[in-house]
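The values are calculated or read from the model by the stated rules, or taken from the named source; none is laboratory data. Predicted, not measured: the structure shown is a model, and the values here were computed from it. Please note: Cβ atoms are built from the backbone with ideal geometry, for glycine as well, and neighbour counts cover all protein chains shown.
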Amino acid sequence: MSIDISGAKILFELPLGITITETQVNSWIVMIVITLVCIWLTRGLKVRPESKRQVVAEYIVKTVKKLVSDNMSERFGFFAPFIGAALSLSALSSLSGLLTMFPPTADLNTTLGWSLVVFVIITYYKIKTDGMWNYLKGYTKPVFILTPINIIGEIATPLSMAFRHFGNIVSGVVVSALIYSALAAASGVLYGALGLSGTFISDIMVLQIGLPAIFSIYFDVFSGCLQAFIFSMLTMVYVKMGAGVED
Amino acid sequence: MGNLDFISIDFWHILIAMMNLIILAFILKKFLFKPVNDILRKRQEEVDKIYTDADQALKKAEADRAFYEDKMKNAEKEADNLIKAASVRAGERSDEIINNARQEAVHMISRAEDDIALKRKKAVDGMKDDISDMVIDLAGKVVDKEIDQEIHENLIEEAIENLGEK
């Protein structure tokens, strides 16, 4: 019995060598869902809330704003939508695995793209705060010889963010696949011992019912939400450090 | 079509992921954060307005209270003044009435005295006439002589006058 773990399924190809895989399609589905939920939540807002929807919408906005102002500073209030986007896109992408979709976060390109956006923002704030000359000069500190190390250190930020997120989600996928195949094998052994192998009953993988869900709670739900949170927290901390904001 | 490798790097996929995140940030800003922030700001404004209104109402009430308390104090003073003025006027009026009465009385007394004097004069005159008539008559009867009545009358009157003057 072999376990086949591969990347996203390529759905179609566009000119210029652009391939559209499950990753992209599922990302767009998640984005559309988030957009629709936002529109639904903010429909008919009142100064005096009448609907639970509005309470939920206000709670989400206040929570994200508080997260941003606590971890960055008040002047980064405009950053809240970006953090909200990173949180929701990451968490829902990971959780889409529960609906047997291919989770976009199990594709390195997705997390790498996100961490590159964060890297661009970090670099923008570093240059804005220190000036281009000081920013470049910062690579030669403390001695000129260390410049390559500094460059690696700079690139390590987005790469570590991308691989951390990717690795955590994909490990969940791998572990899930391993559990499924292990349970399938265990079911086969069980039916063999009961002398039922080869009958129609052996098609029902009895041990695969229910048990993987317990593991899935950790590997998909907990890990997915945790990684979304970690990614957002790291984004805020790195950008704040880049902007040189002191508490 | 097949699958991607387990770990693969594709420039376009990275670009799409970057765009996805940025686009979603703007979507969230437009469809979630902006409307909710607007409503939160409006609520804050409403709350602020309620507070300032309450403060203003309180201030106005305080001012009104001070104004009316002042007025009440003034009213007491005014009432005092009124009573004083009224009593002063009443005093003046009673004095006036008393004076008038006194004058009237004096007037009446003097008139009565005049009256008495006149009456006395009349009575004296009457008595003079009676006495002179009587004397003449008596004298006439006594003397039984023709006496010029007119001369005698004058004589007697003169005598009585002198009598009265004594």
Candidates A:ILE145, A:ILE151, A:ILE155, filtered to the one that is at pLDDT below 90 and surrounded by fewer than 12 Cβ atoms within 10 Å (Cβ to Cβ): A:ILE145
Residues (of a type in the set (D, E, K, R) and either at the interface with chain A (Cβ under 7 Å from one of its Cβ atoms) or not in a helix (DSSP H, G or I) (or both)) located in region B:20-44: B:LYS29, B:LYS42, B:ARG43
Given (1) assigned to a helix (DSSP H, G or I); (2) among the charged types (D, E, K, R); (3) within 14 Å of another protein chain (Cβ to nearest Cβ); (4) over 27 Å from A:ILE32 (Cβ atoms), number of the condition B:ASP5 does not satisfy: (1)
In region A:101-151, the residues that are among the small types (Gly, Ala, Ser) and under 16 Å from B:ASN20 (Cβ atoms): A:ALA106, A:GLY113, A:SER115
Check on B:ILE50, β-branched (Val, Ile, Thr), in contact with a helix residue (DSSP H, G or I) (Cβ under 9 Å, 6 or more places away or on another chain) and within 14 Å of chain A (Cβ to nearest Cβ): no
Top-ranked residue of region A:61-78 - restricted to ones that are more than 9 Å from chain B (Cβ to nearest Cβ) and either buried (at least 19 other Cβ atoms within 10 Å of the Cβ) or under 20 Å from the mean Cα position of the chain (by Cα) (or both), ranked as nearest to A:THR42 (Cα to Cα): A:THR63
Qualifying position, being at pLDDT 90 or above, under 30 Å from the mean Cα position of the chain (by Cα) and in a helix (DSSP H, G or I), among B:ALA54, B:ALA66: B:ALA66
Any pair with Cβ under 8 angstrom, 6 or more apart, that starts in region A:144-156 at a residue that is of a type in the set (S, T, N, Q) and ends at one that is modelled with pLDDT under 90: A:THR147/A:TYR139; A:THR147/A:THR140; A:ASN150/A:GLY138; A:ASN150/A:TYR139; A:ASN150/A:THR140; A:ASN150/A:LYS141
Of residues in region A:39-60 being over 18 Å from A:PRO81 (Cβ atoms) and touching a Leu at 6+ places or on another chain (Cβ under 8 Å), the one surrounded by the fewest Cβ atoms within 10 Å (Cβ to Cβ): A:ARG53
Hits in region A:20-56 - residues which are facing chain B (nearest Cβ under 8 Å) and within 22 Å of the chain's Cα centre (by Cα): A:THR21, A:THR23, A:GLN24, A:SER27, A:TRP28, A:MET31, A:ILE34, A:THR35, A:CYS38
